[in-house]
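What follows is a single structure, written as structure tokens, with notes after it.
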Amino acid sequence: MNRLFISTRGSGSWRGRLANPGRQWKRKFSALETAVSWELAGDSDSGIPDAVEKVLLHGGYCAPRLLFGVVEHKVDLPGGRAASQCDVWAVVGTGAGMLSLTVEAKAREAFGDKALVEWLRGNGTERSKTNRAERWNYIQAHLPKSDAFMRVRYQLLHRCAAAVVEAKRLGFPHAAFVVQAFGAPASSFEDYANFCRAVNLPADRGTMATTAADGVSLGVGWADCPLANHEQVAATV
């Protein structure tokens, strides 16, 4: 994991961090919409997009304030070279203590990856299965205890665990995982709701429910955000 970062100079800095800018950087798609929403929030007291801030407040994380955020932050996982790449990872100061926040943004896109039961099969080779079993054991150790993960989308599992991994790394008492949605399809919310059911949490839009994982409190929430207008996009370039 790279430990050196530089500040953004507008939404264009976010574009350069994408794996495939030509395909991902479009209006009404999550990459651009996320960049605009967080850049615009820089002028607010909290530094956090309004809908995300409200979800954190609902979860009991009072007076949230962005201390710093990292665009496309990679959290290393064992069992292979691919990291969990968070759309935004944010260190947030709150009245309840320091918080590690991972954000998974969704617009027209569905959640990536297959359900865990399918992902664990890998390409069918013993090495692939062994590597993925090692990775899953690590991810599972940073999630709430559950016997119902097999039908949950793998992307939701490792992105949520990433918040806990980083909280443990920094000695924070709190972690949170938020889906920042920009008109995401109903199927995406159902995938999220399926994850919430697996960890015995309610799934409601605009709210956050809390549980615990690996010794830290864990908030899980869904934030519906408006799409940016032309003036907002232009203001963040």
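The values are calculated or read from the model by the stated rules, or taken from the named source; none is laboratory data. Not measured: the values here are computed from a predicted model. Please note: Cβ atoms are built from the backbone with ideal geometry, for glycine as well, and neighbour counts cover all protein chains shown.
Brief remarks on what is shown
- Selection within the range 1-33 - of a type outside the set (D, E, K, R) and part of a helix (DSSP H, G or I): Ser11, Gly12, Ser13, Trp14, Pro21, Gly22, Gln24, Ser30, Ala31, Leu32
- The residue list Ala234, Ala186 contains one member that is of a type in the set (A, V, I, L, M, F, W, C) and farther than 20 Å from Ile48 by Cα, which is Ala186.
- Qualifying residue in the range 62-69 (condition: touching a residue at least 60 places away in the same chain (Cβ under 8 Å), crowded, with 24+ Cβ neighbours inside 10 Å and either in contact with an Asp or Glu (Cβ under 9 Å, 6 or more places away or on another chain) or among the aromatic types (Phe, Trp, Tyr) (or both)): no
- Single unsatisfied condition, Glu72 versus (1) part of a loop (DSSP other than H, G, I, E, B); (2) on the phi > 0 side of the Ramachandran plot; (3) in contact with a helix residue (DSSP H, G or I) (Cβ under 9 Å, 6 or more places away or on another chain): (1)
- Residue in the range 27-37 that is modelled with pLDDT of 90 or more, over 30 Å from Cys62 (Cα atoms), surrounded by fewer than 18 Cβ atoms within 10 Å (Cβ to Cβ) and touching a helix residue (DSSP H, G or I) at 6+ places or on another chain (Cβ under 6 Å) present: no
- Count of residues meeting criterion [modelled with pLDDT of 95 or more, part of a loop (DSSP other than H, G, I, E, B), over 14 Å from Glu104 (Cα atoms) and of a type outside the set (Val, Ile, Thr)] in the range 43-52: 4
- All positions within the range 83-105 that are farther than 12 Å from Gln180 by Cβ and either touching a helix residue (DSSP H, G or I) at 6+ places or on another chain (Cβ under 9 Å) or outside any loop (DSSP other than H, G, I, E, B) (or both): Ala83, Ser84, Gln85, Trp89, Val91, Val92, Gly93, Thr94, Gly97, Met98, Leu99, Ser100
- Residue that is nearest to Ala213 (Cα to Cα), among those in the range 133-148 that are in a helix (DSSP H, G or I) and of a type outside the set (Asp, Glu): Ala141
- Filtered by the rule that a residue be of a type in the set (Phe, Trp, Tyr) and either surrounded by fewer than 16 Cβ atoms within 10 Å (Cβ to Cβ) or out of contact with any strand residue (DSSP E or B) (no Cβ under 6 Å at 6 or more places or on another chain) (or both), the range 111-169 gives Trp119, Trp136, Tyr138, Phe149, Tyr154.
- If you go through the range 122-141 and keep only what is of a type in the set (D, E, K, R) and more than 19 Å from Ala161 (Cβ to Cβ), you end up with Glu126, Arg127, Lys129.
- Pairs meeting the criteria (first residue in the range 136-155 and closer than 19 Å to Phe172 by Cα, second residue of a type in the set (D, E, K, R), beta carbons under 7 Å, at least 6 apart or on different chains) are Ala141/Asp214; His142/Asp214.
- Hits in the range 124-160 (condition: under 26 Å from Leu99 (Cβ atoms) and either among the charged types (D, E, K, R) or at pLDDT below 95 (or both)): Arg135, Lys145, Arg153, Arg159
Residues are listed down the side, and each one gets a yes or a no for (1) in contact with a His (Cβ under 8 Å, 6 or more places away or on another chain); (2) of a type in the set (S, T, N, Q); (3) touching a residue at least 24 places away in the same chain (Cβ under 8 Å); (4) over 30 Å from Gly10 (Cβ atoms):
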residue	(1), (2), (3), (4)
Ala176	no, no, yes, no
Ser187	no, yes, yes, yes
Arg197	no, no, yes, yes
Pro202	no, no, no, yes
Thr207	yes, yes, yes, yes
Ala212	no, no, yes, yes
Ala223	no, no, yes, no
Val233	no, no, yes, no
Val237	no, no, yes, no
